[in-house]
Amino acid sequence: MNILIPDSWLREYLKTDASPEEIKKCLSLCGPSIERVEKIKSDYIYHIEITSNRPDMASVLGIAKEAVAILPRFGIKAKLILSDIEKTSKLTIKPEKELPLKVEIKNEKLCSRFTAIILSDVIIKTSPDLIKDRLEKSGIRAINNVVDISNYLMKLFGQPVHTFDYDKIKGAVMILRESRIGESITTLDNKTFTLTNEDIVIEDKSGRLIDLCGIMGGKNSEVDANTKRVLLFVQTYDPVRIRKTSMRLGQRTEAATLFEKNLDPENVLPTLFYGIYLFKELAGAKPAGKIIDIYPYPYKPKTISIKTDFINERIGIKLSTDEIISILKSLNFNLNFQHEIKNTIVINIPSNRSKDIKIKEDIVEEVARLYGYHKLPSNLPAGQIPLAKKQTILSLEQKIKTTLKYWGFTEVYNYSFISKTLIEKAGLNPADHLKIANPLTAEMEYMRTSLIPSILENVRCNQYLKKSLALFELSKIYSRKTDDLPKEESRLVLTCQSDFFSLKGIITSLFSELGITDVKENIVETWQFGHPKQSLILKKSEEVIAYIASLHPQIATNFEIKDKLFIAEVYFETMASYFQPIKKYHPLPLFPPVIEDLTLIINNETKIGPVIKEMYKQFVTKIEFLGKYKNTITLRVTYQNPEKNLSSEEIKTLREKIISSLEAKFKIKLKN
């Protein structure tokens, strides 16, 4: 997030002789990045980028504290001035009269700290010029003293604040709870939102929603010109819920941006005390009740033990123990140095850094940045450059894609998300798919468990542009795993519109190209995408490696595919496990082959694969399927002897041996 801070406001808490340009340079090298310094009249505005893990810096005080730690590293004196903050934190609240307010928090996890105080005799008027000037230079429009105090506190402390008109809280009751599905609230900007059960809201005794917590207050409880009594309200919320609500409703307020970064609950009470002081000074307000402070789980300081050698080994230079201690103390870490445990430093992590300082490496990072990354030696690594091992699986994917491209197939790319409509068209159950919590559109609502619905949609959309489509996709599918991330598996899907045997030939040729042999074929009637009578399952060592089929008629109808379509699905990981990258060398034969076509009379129930396998006898080197007509098939047989030319008599003998074997086993005869 980016913030604007006026130099004049910063120097109220930072005493230094550094110029704005020096502050920009030093802080950008060792802390928050100050992108530019803008001069406005006699003042300067710092444009500062705050990283998401450092919300403690998103304020005037946060930047002042960073500057006090960083500037002395460059030989520039700097001192933090907190006299007015410390003075107000010691305020004694003695209300002349106590107005009632009942607060109930239904779920402590929703709100880690809730503080509030009722203030009476409030006079609504224009803020002093100093307040208006600082707010407007910080990018916030001044409205009136009550609203401006809230924004001023947020900019000063980095803690959002809200004010209610006390008299508009019916029954003087505030109930903080989860929203209910279908509830609605109209916020201060006159927008009405329908809520889910994941938002945080506050209702009064009548059941009206008066606050969309962490986002914006309700219109029905806003402070107006007639307000005399206000409820000053400072709190911290569950950051995850605030983020989800803000993103879902599209309400990216500055308060939401801060709350979603898990603010420090220890910063709440100082903000409230300073707010009471400002209301007294700027609005003539008086306390009309005691401070309500609900803090079920107060912060317990965390400790990290680290050795100085651990720090030095990781930053690559030798820093003295005194310098390391000096750096850590400048960041407000409480230290206990233990000589007896080999230069070990025990660090108490302050509450404002507890979200980003969790492990020893975080301490190393703090020491390194304060010392200065720009001062660390820039040495190139010595020795040979390590060679990354080439990933076989990626090479295999590329090999398959290249092979299929040269065999006439076109690769398609689809999203990993599909719609409920596509799932149901393909005969699948949406309940078996992982549903996206916040899909961009209804077309991208589910994670796909098969590539087939997507590629069928590709065929449907392109079938009128080309007569015969040959497509393939090699990508991931996602299936459920209990209490874990989805299981990812790779699949290869091919479609063609020529005929079943052509597609089968592509698959078997692909296996041959990859060195995969001994693949068994069986007819299967249960593959959900295939025609019950025209589907084939291929197995290697009892593992399913592929399915080949004519597309199921009902699915073809659902997708409005006009021509016959044949489809294959290959289990990529299984295929890859049998991949043989090393080829076996066969020398080129010295003697020419003899090629002849045989037309066989065959029963329609006889499988051609076993027939071809049976025909491989001595000197038969290749058999090709040429075609089928009625009850006959034509095969091209290649004979070759590596040691001599085959004579006509030898060919005749080989042929007769083949036909005799086929007739005995399959009752097949040679035509004519």
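We did not get these values from a lab; they are worked out from the coordinates using the rules stated. None of the values given here were measured: they were computed from a predicted structure. So basically every Cβ, Gly included, is an ideal-geometry build from the backbone, and we count neighbours across all protein chains shown.
Can you sort S42, S184, S127, S354 by how many other beta carbons sit within 10 Å, fewest first? Don't jump to the answer; show the numbers that get you there.
On the way: S42 7, S184 10, S127 23, S354 17.
Least crowded to most crowded, the residues run S42, S184, S354, S127.
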Quick one: compute the contact order of the chain, relative version, from alpha carbon pairs under 8 angstrom and 6+ residues apart, as a percent. 9 percent
Qualifying chymotrypsin sites (Phe, Trp or Tyr not before Pro) in region 433-536, DSSP loop, other Cβ atoms within 10 Å at most 13: Y464
Taking the dipole about the Cα centre of region 508-588, with the C-beta of Lys and Arg at +1 and of Asp and Glu at -1, give me whichever of P587, T574, L536 is farthest to the positive side. P587
Where the centre of each part is set by its Cα atoms, how far does region 116-170 sit from region 528-553, in angstrom? 71 Å
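With a cut-off of 8 Å between alpha carbons and a minimum separation of six or more residues, what is the relative contact order of region 392-577 in percent?
Working: 320 pairs, mean separation 35.2, N = 186.
So the answer I get is 19 percent.
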Reach of K420 by Cα under 22 Å, taken over lysines that are not fewer than 8 positions away in the same chain: K435, K476, K481, K487
From the phi angles alone, apply the Karplus equation (6.51, -1.76, 1.60; θ = phi - 60°) to region 249-255 and give each ³J(HN,Hα) in whole Hz, x where the residue is Gly or Pro. 8, x, 9, 9, 6, 5, 4
Please go through region 534-567 and write out the GluC sites (Glu not before Pro) that DSSP classes as loop and that have at most 14 other C-beta atoms within 10 Å. E542, E560
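What does the charge add up to near N631, with Lys and Arg as +1, Asp and Glu as -1, over the other residues with Cβ less than 13 Å from its Cβ? Each step should come with its number before you reach the end.
On the way: positive: K628, K630, K667, K669, K671; negative: E605.
Taking every Cβ under 13 Å from that of N631, the sum is +4.
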Going by a ≥ b ≥ c, the root eigenvalues of the Cα gyration tensor, does region 2-81 fall in the rounded group (a/c under 1.5), the prolate group (a/b larger than b/c) or the oblate group? rounded
Which of L278, Y295, F259, positive extreme of dipole for region 253-312 (C-beta unit charges): Y295
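Give, rounded to the nearest 20 debye, the magnitude of the charge dipole that region 393-526 has about its Cα centre when Lys and Arg contribute +1 at Cβ and Asp and Glu contribute -1 at Cβ. Present the calculation step by step, with values, prior to reporting the outcome.
On the way: 17 positive and 17 negative charges, 59 e Å.
The calculation lands at about 280 debye.
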Could you work out the relative contact order of region 182-311? I mean the mean sequence separation of Cα pairs under 8 Å and 6+ apart, divided by the number of residues, in percent. 17 percent
So which lysines pass the test for K280, namely a Cα distance under 22 Å, with those fewer than 8 places away in the same chain ruled out? K87, K90, K94, K97, K125, K132, K155, K168, K228, K290
When the dipole is taken about the Cα centre of region 134-274, and only Lys, Arg (+1) and Asp, Glu (-1) are charged at their Cβ, what size is it in debye, to the nearest 20? 180 debye
Could you state the number of Å between the C-alpha centres of region 424-498 and region 356-411? 31 Å
Under a straight-distance cross-link criterion of Cα-Cα below 18 Å, which aspartates and glutamates are reachable from K109, leaving out those fewer than 8 residues away in the same chain? E178, E198, D199, E203, D211, D238, E260, D264, E266, D293
At 7 Å along Cα-to-Cβ for each site, give me the label-to-label distance between K435 and L91 in nm. 4.9 nm
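How big is the charge dipole of the chain about its Cα centre, in debye rounded to the nearest 20, if each Lys and Arg gets +1 on its Cβ and each Asp and Glu gets -1 on its Cβ? Before the final figure, lay out each step's value.
Values: 99 positive and 84 negative charges, 204 e Å.
Computed about the Cα centre, the dipole is about 980 debye.
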If unit charges are put on Cβ atoms (+1 for Lys and Arg, -1 for Asp and Glu) and the dipole of the chain is taken about its Cα centre, the option from V459, S354, N107 lying farthest towards the positive end turns out to be V459
At 222 nm, what helix-only mean residue ellipticity would the chain give, in deg cm²/dmol to the nearest 500, using -39500 (n - 2.57) for each DSSP H run of four or more? -9000 deg cm²/dmol
Net charge near N267: determine it from the other residues with C-beta under 10 Å of the C-beta of N267, scoring Lys and Arg +1 and Asp and Glu -1. -2
Formal net charge of residues neighbouring K540 (Cβ-Cβ distance under 14 Å; K, R +1; D, E -1): -3
Once phi is turned into ³J(HN,Hα) by the Karplus curve 6.51 cos²θ - 1.76 cosθ + 1.60 with θ = phi - 60°, what whole-Hz value does each residue of region 574-584 show in order, with x for glycine and proline? 5, 4, 5, 5, 9, 4, 10, x, 8, 8, 8
